[in-house]
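The values are calculated or read from the model by the stated rules, or taken from the named source; none is laboratory data. Please read all numbers here as calculations on a predicted model, not as lab measurements. Don't worry about glycine lacking a Cβ; one is built from the backbone with ideal geometry, like all the others, and counts go over all protein chains shown.
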Amino acid sequence: MFSSLRIRNYRLFATGAVISNTGTWMSRIAQDWLVLSLTGSSTAVGITTALQFLPMLLFGLYGGVIADRYPKRRILLATQTALGACGLALAVLTLSGHVQVWHVYLIAFLLGMVTVVDNPTRQAFVAEMVGPTDLRNAVSLNSANFQSARLIGPAVAGVLITAVGSGWAFLLNGLSFGAPLIGLLMMRSAELHRVERAPRGKGQLREGLAYVAARPDLIWPIVLVGFIGTFGFNFPIWLSAFADDVFDAGPGTYGLLNTLMAVGSVAGALLAARRATSRLRLVVGAALVFGVLEMTAAVAPTFWLFAALMVPIGAFGLTINVTANSSVQLATDPAMRGRVMSLFMMVFVGGTPIGGPLMGWLTDTYGARVGFLVGGLVSALASIMVGLVLARIGGLRLRVDLRRGGRQVITFVPREVADRQPAGAAAERVPSRV
């Protein structure tokens with residue numbers, strides 16, 4: 001489960017990340033609370049979130065070109081410094097009493113712009129630290145790292161906001177970026193896996209898009225992740241609406257639901273770290289279960305049943321993200337990895353400015369249950385569509401084995417095998433990335 005931590009460079013990276021991730025979660029909570037206290041408007045909070053994710057939607061692919069062209073450790077030293085500077089700037093404005101909502105909007109947008117370069121670079125740099133053998137494990141541990149910080153950061157932020165105000169949460173967030181900077185500086189360059197960098201030239205963005213479009217094992221997982229990220233991951237909208245409107249509870253209940261989801265997410269990431277392979281069928285299956293669980297939660301009659309479902313929803317949501325991420329990275333040529341991962345993150349994160357307002361409108365107009373139900377339905381339908389496309393491309397056909405004692409009741413087999421053997425006959429195992 002923790003095999004990649006034996007690598008010194010990755011240990012330094014992971015240690016710095018858990019500290020800065022905790023600061024990031026503190027800042028997210030403090031930022032939303034600050035905007036709400038300045039404006040009294042939930043719409044203003046939504047605008048802040050949209051501004052932070054909008055750059056990824058608009059410019060995400062260019063960040064991948066930069067990640068492929070320049071040394072990744074140097075890029076990360078620059079981006080992590082810039083992220084820390086943004087946190088410190090917001091801290092100074094808040095603690096001095098001069099902060100206005102447009103300051104928060106501007107800094108949120110700047111954070112998004114830096115993330116355009118930082119995110120694909122960080123994703124691709126993992127392969128240089130651990131190599132292809134431990135890549136899947138390291139990607140899983142990165143997700144566990146981020147979700148573990150989610151268990152700590154919001155709680156610390158709540159205490160700080162109540163006791164001394166939002167400014168101190170921003171200050172600690174800005175200072176927390178010192179940890180990854182120290183880790184990057186302490187890394188041994190000789191122990192990094194060398195990757196050929198893309199030469200400077202025209203058409204590299206189009207080259208990256210053409211590369212992904214010609215690879216079904218890349219394009220379809222990215223399509224599925226795009227649907228899930230845009231329509232299935234709008235939990236701040238749904239959970240706050242359920243806590244307030246459906247169950248008539250307060251912010252404490254909202255915090256509890258987020259904590260339960262984070263527990264499931266950590267468990268899902270750690271279980272993913274134990275797997276030896278990252279098959280696309282796992283991505284599709286997890287997405288289908290994820291959608292069904294969301295639809296089940298949408299009609300849950302009691303609070304405790306709804307709350308209990310947050311744990312498996314978090315686990316399967318992380319399984320989708322981690323497995324798709326590692327599958328795409330392992331299938332990508334190292335020289336193209338930055339551009340491919342920028343596209344991956346663009347469709348996964350960049351869909352938030354589109355899906356968030358749409359799901360918010362559905363939730364406000366028709367109720368929290370309908371909004372959550374639609375998000376789960378879109379996720380489930382997208383998984384079925386992508387699964388059928390991948391099966392067709394792989395020359396596979398769905399077969400049902402209803403015999404007693406069968407290990408696999410529903411399985412995919414090659415079309416010629418399905419046509420040749422009678423129903424219920426055992427099919428040979430076919431090696432396939434699908």
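Numbers at a glance
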| item | result |
| --- | --- |
| Pick from segment 143-180, criterion surrounded by fewer than 18 Cβ atoms within 10 Å (Cβ to Cβ), among the aliphatic types (A, V, I, L, M) and over 19 Å from VAL266 (Cβ atoms), ranking: modelled with the highest pLDDT | LEU175 |
| Within segment 194-234, considering residues that are under 22 Å from THR133 (Cα atoms) and at pLDDT below 80, the one surrounded by the most Cβ atoms within 10 Å (Cβ to Cβ) | VAL195 |
| Residue among ALA124, ALA89, ALA78, ALA82 that alone is of a type in the set (Gly, Ala, Ser), touching a helix residue (DSSP H, G or I) at 6+ places or on another chain (Cβ under 9 Å), surrounded by 19 or more Cβ atoms within 10 Å (Cβ to Cβ) and part of a helix (DSSP H, G or I) | ALA124 |
| Failed criterion for THR133 (all others in (1) in a helix (DSSP H, G or I); (2) of a type in the set (Ser, Thr, Tyr); (3) surrounded by fewer than 23 Cβ atoms within 10 Å (Cβ to Cβ) hold) | (1) |
| Filter result (under 19 Å from LEU12 (Cβ atoms) and of a type in the set (A, V, I, L, M)) within segment 110-130 | ALA124, VAL126, ALA127, MET129, VAL130 |
| In segment 23-73, residue surrounded by the most Cβ atoms within 10 Å (Cβ to Cβ) [restricted to those that are of a type in the set (D, E, K, R) and more than 14 Å from ASP118 (Cβ to Cβ)] | ASP68 |
| Enumeration of residues in segment 350-365 that are surrounded by fewer than 22 Cβ atoms within 10 Å (Cβ to Cβ) and aliphatic (A, V, I, L, M) | ILE354, LEU358, LEU362 |
| Filter result (among the aromatic types (Phe, Trp, Tyr) and at pLDDT below 80) within segment 23-62 | TRP33 |
| Output for segment 320-342, where each listed residue is in contact with a Gly (Cβ under 7 Å, 6 or more places away or on another chain) and surrounded by fewer than 24 Cβ atoms within 10 Å (Cβ to Cβ) | MET336 |
| Residue that is in contact with a Gly (Cβ under 8 Å, 6 or more places away or on another chain) and more than 30 Å from GLY87 (Cα to Cα), where the choices are GLY226, GLY208 | GLY208 |
| Qualifying residue in segment 13-22 (condition: in contact with a helix residue (DSSP H, G or I) (Cβ under 6 Å, 6 or more places away or on another chain), at pLDDT below 85 and buried (at least 19 other Cβ atoms within 10 Å of the Cβ)) | no |
| Test: residue in segment 80-103 that is free of Cβ contacts under 8 Å to residues at least 24 places away in the same chain, farther than 18 Å from ALA169 by Cα and assigned by TED's automatic domain parsing to the domain that holds GLY167 | yes |
| Some residue of segment 203-212 being over 30 Å from GLY97 (Cα atoms), without any contact (Cβ under 8 Å) to a residue 60 or more places away in the chain, among the hydrophobic types (A, V, I, L, M, F, W, C) and out of contact with any helix residue (DSSP H, G or I) (no Cβ under 8 Å at 6 or more places or on another chain) | yes |
| Qualifying position, being over 27 Å from GLN52 (Cβ atoms) and of a type in the set (D, E, K, R), among ARG369, ARG337 | ARG369 |
| Flag if LEU88 is under 19 Å from the mean Cα position of the chain (by Cα) and of a type in the set (A, V, I, L, M, F, W, C) | no |
| Selection from segment 372-396 of residues that are modelled with pLDDT of 85 or more and either surrounded by 19 or more Cβ atoms within 10 Å (Cβ to Cβ) or in contact with a Ser or Thr (Cβ under 7 Å, 6 or more places away or on another chain) (or both) | PHE372, LEU373, VAL374, GLY375, GLY376, VAL378, SER379, ALA380, ALA382, SER383, VAL386, GLY387 |
